[in-house]
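Below is one structure, written out as structure tokens; comments come after it.
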Amino acid sequence: MTNDLRHFSLQLQWLSAANHSPQSILLTSETLMSESLLQTDLPGLPVTRGKVRDVYDLGDRLLLVSTDRISAFDWVLPSGIPDKGRVLTTVSNFWFQHLGIPNHLLETDVFQMDLPAGVDRSALAGRTILVRKAQVVPIECVVRGYLAGSAWREYCTTGQVSGIDLPSGLTESARLPALIFSPATKAEQGAHDENITFPEMCELVGTELAQHLRHLSIEIYQRGATHAQSKGILVADTKFEFGQLDGEVILVDEVLTPDSSRFWPEDRYEPGHGQPSFDKQFVRDWLTQCGWDKNSPPPELPADVVARTREKYIEACERITGEVFAWK
């Protein structure tokens with residue numbers, strides 16, 4: 001069995017391990033789609049749409065709405081994951097408060113926000129935040145603790161990750177000898193982020209800022225990974241985004257979520273192949289196995305993949321925050 005097939009098989013076994021009753025996962029595609037919020041439209045407010053978030057410009061502030069859209073291989077999929085946006089928002093809000101790092105967050109209660117008349121606030125509840133508008137640094141600040149994803153592929157080809165030499169003989173999913181800061185350029189929607197070296201990052205944003213972002217990213221990863229591991233989750237890698245506002249570097253976007261990170265169950269960790277995960281890797285694996293060419297529009301996700309992915313997102317949220325997910 002190839003590593004990819006073994007990974008997919010392990011993921012299926014793990015997702016089935018909770019002995020779901022048929023009633024708990026037999027949701028039709030129509031039901032799942034109707035429960036997913038794929039797009040918002042707030043009248044009178046200028047909006048830009050990312051892969052997941054609808055961003056409304058309020059002048060010196062932004063309204064960020066995390067929808068239930070899910071992306072993979074630089075495509076936004078036609079299927080949504082119900083309440084996924086609420087998971088991402090809940091987890092990010094937890095970290096913004098837990099980490100003590102300057103950030104863009106202003107308000108999390110949609111009922112306290114000044115929104116256009118007639119807006120259905122209940123649909124936005126739990127997935128909407130009001131933030132300070134910052135000048136976003138055009139770099140994805142990736143920190144890797146384990147050898148997975150594009151880092152594993154790069155290592156197999158060059159023996160390096162982000163221009164850093166690694167010992168020979170490392171296996172897929174192995175814990176790295178030291179944390180690696182692996183920056184990438186931020187691509188437009190539909191294009192690939194491009195991994196770059198730290199010297200290349202210095203050329204793009206300046207050495208002083210690059211060094212500060214590297215130090216800050218590693219510090220945040222270490223704090224987050226320590227907390228997550230205490231809850232039975234290994235943070236294999238994650239990415240951060242930063243902005244500049246009034247001379248200060250602040251944390252923006254999402255933080256240590258199942259979308260921006262690889263979350264692995266610690267009790268199932270076994271280096272040498274891909275790992276079962278709390279993140280969207282399971283969706284990526286299904287898309288890889290289903291025969292999709294990754295160049296044409298992606299297929300709908302099966303109902304059981306959607307339902308079980310939702311369960312794993314919610315489980316990660318509850319483990320990290322220590323609270324029952326409000327929309328469970």
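Here are a few things to note about the model shown:
- Considering Asp83, Asp54, Asp60, the condition of being over 23 Å from Ser217 (Cα atoms), touching a helix residue (DSSP H, G or I) at 6+ places or on another chain (Cβ under 8 Å) and acidic (Asp, Glu) is satisfied by Asp83 alone.
- For region 83-130, a residue qualifies if it is over 13 Å from Ser66 (Cα atoms) and either within 17 Å of the chain's Cα centre (by Cα) or of a type in the set (Val, Ile, Thr) (or both), and the qualifying residues are Phe94, Trp95, Phe96, Ile101, Val119.
- Meets criteria (crowded, with 17+ Cβ neighbours inside 10 Å, of a type outside the set (A, V, I, L, M) and either modelled with pLDDT of 95 or more or within 16 Å of the chain's Cα centre (by Cα) (or both)) for Pro276: yes
- Hits in region 22-63 - residues which are at pLDDT 95 or above, surrounded by fewer than 20 Cβ atoms within 10 Å (Cβ to Cβ) and within 22 Å of Ser92 (Cα to Cα): Leu38, Gln39, Val47, Thr48, Arg49, Val55, Asp57, Leu58, Asp60, Arg61
- Residue match in region 233-256 (condition: out of contact with any Pro (no Cβ under 8 Å at 6 or more places or on another chain), hydroxyl-bearing (Ser, Thr, Tyr) and either modelled with pLDDT under 95 or crowded, with 20+ Cβ neighbours inside 10 Å (or both)): yes
- Flag for Phe282 being at pLDDT 95 or above and either in contact with a helix residue (DSSP H, G or I) (Cβ under 7 Å, 6 or more places away or on another chain) or surrounded by fewer than 20 Cβ atoms within 10 Å (Cβ to Cβ) (or both): no
- Test: residue in region 128-141 that is within 30 Å of Tyr155 (Cβ to Cβ) and out of contact with any helix residue (DSSP H, G or I) (no Cβ under 8 Å at 6 or more places or on another chain): yes
- Selection within region 64-104 - surrounded by fewer than 20 Cβ atoms within 10 Å (Cβ to Cβ) and within 21 Å of Ile320 (Cα to Cα): Asn93, Phe94, Gln97, His98, Leu99, Gly100, Ile101, Pro102
- Those strands (runs of 3 or more DSSP E) of region 46-132 in which 1 or more residues are in contact with a Pro (Cβ under 6 Å, 6 or more places away or on another chain) and over 30 Å from Thr288 (Cβ atoms) occupy 53-57.
- Of all residues making up region 157-189, the number that are in a strand (DSSP E or B), of a type outside the set (Phe, Trp, Tyr) and out of contact with any Asp or Glu (no Cβ under 9 Å at 6 or more places or on another chain): 7
- Of residues in region 257-273 being closer than 18 Å to Thr226 by Cα, surrounded by 17 or more Cβ atoms within 10 Å (Cβ to Cβ) and of a type outside the set (Ser, Thr, Tyr), the one farthest from the chain's Cα centre (by Cα): Pro265
- In region 118-132, the qualifying residues are those that are of a type in the set (D, E, K, R) and crowded, with 16+ Cβ neighbours inside 10 Å, and the one that is farthest from Lys186 (Cα to Cα) is Arg127.
- Given (1) touching a Phe, Trp or Tyr at 6+ places or on another chain (Cβ under 7 Å); (2) surrounded by fewer than 17 Cβ atoms within 10 Å (Cβ to Cβ), number of the condition Glu219 does not satisfy: (1)
The values are calculated or read from the model by the stated rules, or taken from the named source; none is laboratory data. Small disclaimer: the values here were computed from a predicted structure and weren't measured. We place every Cβ from the backbone using ideal geometry, glycine too, and count neighbours over all the protein chains shown.
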